[in-house]
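Structure first, then comments.
The values are calculated or read from the model by the stated rules, or taken from the named source; none is laboratory data. Values in this document were obtained by computation on a predicted structure and should not be read as measured data. Quick reminder, even Gly has a Cβ in these numbers, built from the backbone with ideal geometry, and neighbours come from all protein chains shown. Just the protein is used for accessible areas: all its heavy atoms, side chains included, with ligands, DNA and RNA removed. Shrake-Rupley method; radii C 1.70, N 1.55, O 1.52, S 1.80 Å.
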Protein chains: 4
Amino acid sequence: MEDQTRREQASPAVRKRVQDSFDRQGLMSHLGARLAHIGPGRVRIVLPSRPEVTQQHGYVHAGATSAIADSAGGYAALTLFDEDSDVLTVEYKINLLAPAAGDHLEAIGTVLRPGRTLTVCGLEVYGVQGDGTRKLVANGQQTLIRVNRSAE
Amino acid sequence: MEDQTRREQASPAVRKRVQDSFDRQGLMSHLGARLAHIGPGRVRIVLPSRPEVTQQHGYVHAGATSAIADSAGGYAALTLFDEDSDVLTVEYKINLLAPAAGDHLEAIGTVLRPGRTLTVCGLEVYGVQGDGTRKLVANGQQTLIRVNRSAE
Amino acid sequence: MEDQTRREQASPAVRKRVQDSFDRQGLMSHLGARLAHIGPGRVRIVLPSRPEVTQQHGYVHAGATSAIADSAGGYAALTLFDEDSDVLTVEYKINLLAPAAGDHLEAIGTVLRPGRTLTVCGLEVYGVQGDGTRKLVANGQQTLIRVNRSAE
Amino acid sequence: MEDQTRREQASPAVRKRVQDSFDRQGLMSHLGARLAHIGPGRVRIVLPSRPEVTQQHGYVHAGATSAIADSAGGYAALTLFDEDSDVLTVEYKINLLAPAAGDHLEAIGTVLRPGRTLTVCGLEVYGVQGDGTRKLVANGQQTLIRVNRSAE
């Protein structure tokens, strides 16, 4: 699974554009999330476990799990757009497969089908232990729409 | 829409159980969300707009919008369970219908179909202006599973 | 629930356009489905129970239930478009709430949020007994895109 | 993608159980669908294109596409259950990515996360041309529940 294509980097210009947008998302920094990898059509976001992101049993809240999954998918789409385009989430669906436990969560957004108007992404979230053990804790699917940046 | 049934209160014991669980969700207080109403099969959560919950355009992030919707649905289900039961989100799907703007967001979770094992909720999120104007900004559907509290 | 607005008819031109499109859907006639009501932003489709539409326990198959729900939502959107526009389903999500039993099923598609590009519909399917008793057997949410009819 | 694991066969007893259940689904034979492969946690169903399964533009109707995807996922889950268990669809979400064109459609259901009560499957549908060219036309995610066969 950790093959070479999955480690490919997007161009510096694309990475800067994604990082700048991410830095403007107040929620991501408030949750403590950070961009871990920006590839063409594939973005990873890491969220350390801490009390501020939990649900009632001490696991990461479905809302926080979803938030990083949603952002990972959105930025995966954005890597494929030109610089005049921005992206909005139309909808997503996510299954919470297992308690979101671990030292940190890693969300991976992957473009399944790029499009001029609509883009569809697959979303995965893994719980990662300190020793590197990974477990799929959430899996989802997301529809995004490209919007004209100047029109906003 | 704002009819009497929608304002009905759950019993004091149920409201205490829901409020106690909500207070254990680190994410809800970290986002600044609060329980606004606990009715039988229907719960409202309010989230004030502030920079800590935004996406890149300054609107409330889909992840924060979803987090309060998910919690509202989960607690709506919990109001119908006995005290030995707890609730976990199996999955949800949410459409982001309009930019999540407003003085605050109000998420409403409503049980559509209660069940011994699975419960299905409808999720709505409104953007509410200071003058009380309301606009539906997100709409979703959620599946929850009842779990035995002692088994956790 | 059966209030007057829900019985309102779309204009004759719109009803003709919807009926003509429905008549071109080979699947609908093959399943035995028919349009029962065409209102502005709201369409009902009826599917009689018969062996050709069942799953392994003799209830109506989730696929047949979904097919009429999907068509009801699509045509609900189409009632709000001008005659040069057509509609395609982007995605939908449906919960099967109870065994789809009854003399016939009735699917209701209702536009929740009309849009220039994307339209979101709510989907409900009822199992209806010979005596008129109705039970909600499926509930869903659908995203549709408007396409230019001449561009097809 | 067409690696060896994907071609592995389930045991004869499991294959018989799945085939028998499939043969009781009136909808599958009415649509003209057939089981193409039964592997452990992975089932393929083929649907030839013909006028009886179309939407208004002559492509395969989203409802027929979904019906074979739903059945493929359900039977993928069933291959992992013991003979006293049966399976019901709780919900699914499907994106229609491209017009469902081709000589036939092939739906593939794959268990993502097996469970004692709930199982989650990934759903893919390909449009396949006479020359073997394949295109992903739909992608989805499905939640299933195991039920006791004798309790039905």
Is the C-alpha gyration tensor of the protein assembly as shown telling us rounded, prolate or oblate? Criteria: a/c under 1.5 is rounded; beyond that, a/b larger than b/c is prolate, otherwise oblate. rounded
Would you mind giving the mean number of other chain beta-carbons within 10 Å of the Cβ of each residue in A:47-58, as a whole number? 5
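Report in % the part of the accessible area of region A:4-148 that belongs to carbon and sulfur, leaving out ligands and nucleic acids; probe 1.4 Å.
Details: 2580 of 5200 Å².
That share works out to 50 percent.
Can you show me the helix-derived [θ] at 222 nm for the protein assembly as shown, built from DSSP H runs with n ≥ 4 at -39,500 (n - 2.57) apiece and divided by the number of residues, rounded to the nearest 500. All intermediate terms of the calculation are to be shown ahead of the outcome.
Details: 12 runs with 140 residues, N = 608.
Result for the protein assembly as shown: -7000 deg cm²/dmol, rounded to the nearest 500.
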Report the GluC sites (Glu not before Pro) located in region C:56-109 that are in a DSSP loop and have at most 12 other Cβ atoms inside 10 Å of their Cβ, or state none. C:Glu83
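With an 8 Å cut-off on Cα pairs and a minimum separation of 6 or more residues, tell me the relative contact order of region B:66-152 in percent. Walk me through the intermediate numbers first.
Details: 202 pairs, mean separation 31.8, N = 87.
Contact order relative to length: 37 percent.
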Report, as an integer, the average count of C-beta atoms from other chains found within 10 Å of each Cβ along C:26-36. 5
Taking amide H positions as placed in the peptide plane 1.01 Å from N, state which residues far from A:Ser49 in sequence (5 or more) or on other chains have amide H under 5 Å from it. A:His104, A:Leu105
0 to 90° range, to nearest 10: angle between helix B:12-23 axis and chain B longest Cα axis: 60 degrees
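Summing Lys, Arg as +1 and Asp, Glu as -1, what charge do residues with Cβ under 13 Å from the Cβ of A:His104 carry, A:His104 excluded? Mind showing how you got there, number by number?
Details: positive: A:Arg34, A:Arg44, A:Arg50, A:Arg134, A:Lys135; negative: A:Asp103, A:Glu106, A:Asp131.
Value of the local net charge: +2.
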Does chain B come out rounded, prolate or oblate by the C-alpha gyration tensor, with a ≥ b ≥ c the root eigenvalues, rounded set by a/c under 1.5 and, if not, prolate when a/b is larger than b/c and oblate if not? prolate
Hz values of 3J(HN,Hα) by residue in region C:71-82 - Karplus curve (6.51, -1.76, 1.60), Gly and Pro given as x: 5, 4, x, x, 6, 4, 5, 4, 4, 9, 9, 7
Give a residue-ordered list of calculated ³J(HN,Hα) values for region B:48-63 (Karplus: 6.51 cos²θ - 1.76 cosθ + 1.60, θ = phi - 60°; whole Hz; x for Gly, Pro). x, 5, 7, x, 5, 10, 8, 9, 5, 9, x, 7, 5, 5, 3, x
With contacts defined as alpha carbon pairs under 8 Å and 6 or more residues apart, what's the relative contact order of chain C in percent? 22 percent
Roll a 1.4 Å probe over the protein chains and send me the accessible area per residue for region A:28-152 in Å². 33 Å²
Tell me the net charge near D:Asp70. Cut-off is 14 Å between Cβ atoms, D:Asp70 excluded, with +1 for each Lys or Arg and -1 for each Asp or Glu. 0
What size of dipole, in debye to the nearest 20, comes out for chain D about its Cα centre when the only charges are +1 on Lys and Arg C-beta atoms and -1 on Asp and Glu C-beta atoms? 140 debye
Could you name the lysines in cross-link range of D:Lys93, using Cα to Cα under 21 Å and dropping any fewer than eight places away on the same chain? A:Lys93, B:Lys93, C:Lys93, D:Lys135
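From the Cα gyration tensor of region A:72-136, with a ≥ b ≥ c the square roots of its eigenvalues, which class applies: rounded if a/c is under 1.5, or else prolate if a/b is larger than b/c, or else oblate? Before the final figure, lay out each step's value.
Numbers: a/c = 3.28, a/b = 2.21, b/c = 1.49.
Because a/c hits 1.5 or more and a/b exceeds b/c, region A:72-136 counts as prolate.
Which loop trypsin sites (Lys or Arg not before Pro) in region A:69-152, with loop taken from DSSP, have no more than 11 other Cβ atoms within 10 angstrom of their Cβ?
Details: sites: A:Lys93, A:Arg116, A:Arg134, A:Lys135, A:Arg146, A:Arg149; in loops: A:Arg116.
Taking region A:69-152 and a limit of 11 other Cβ atoms within 10 Å, the loop trypsin sites (Lys or Arg not before Pro) found are A:Arg116.
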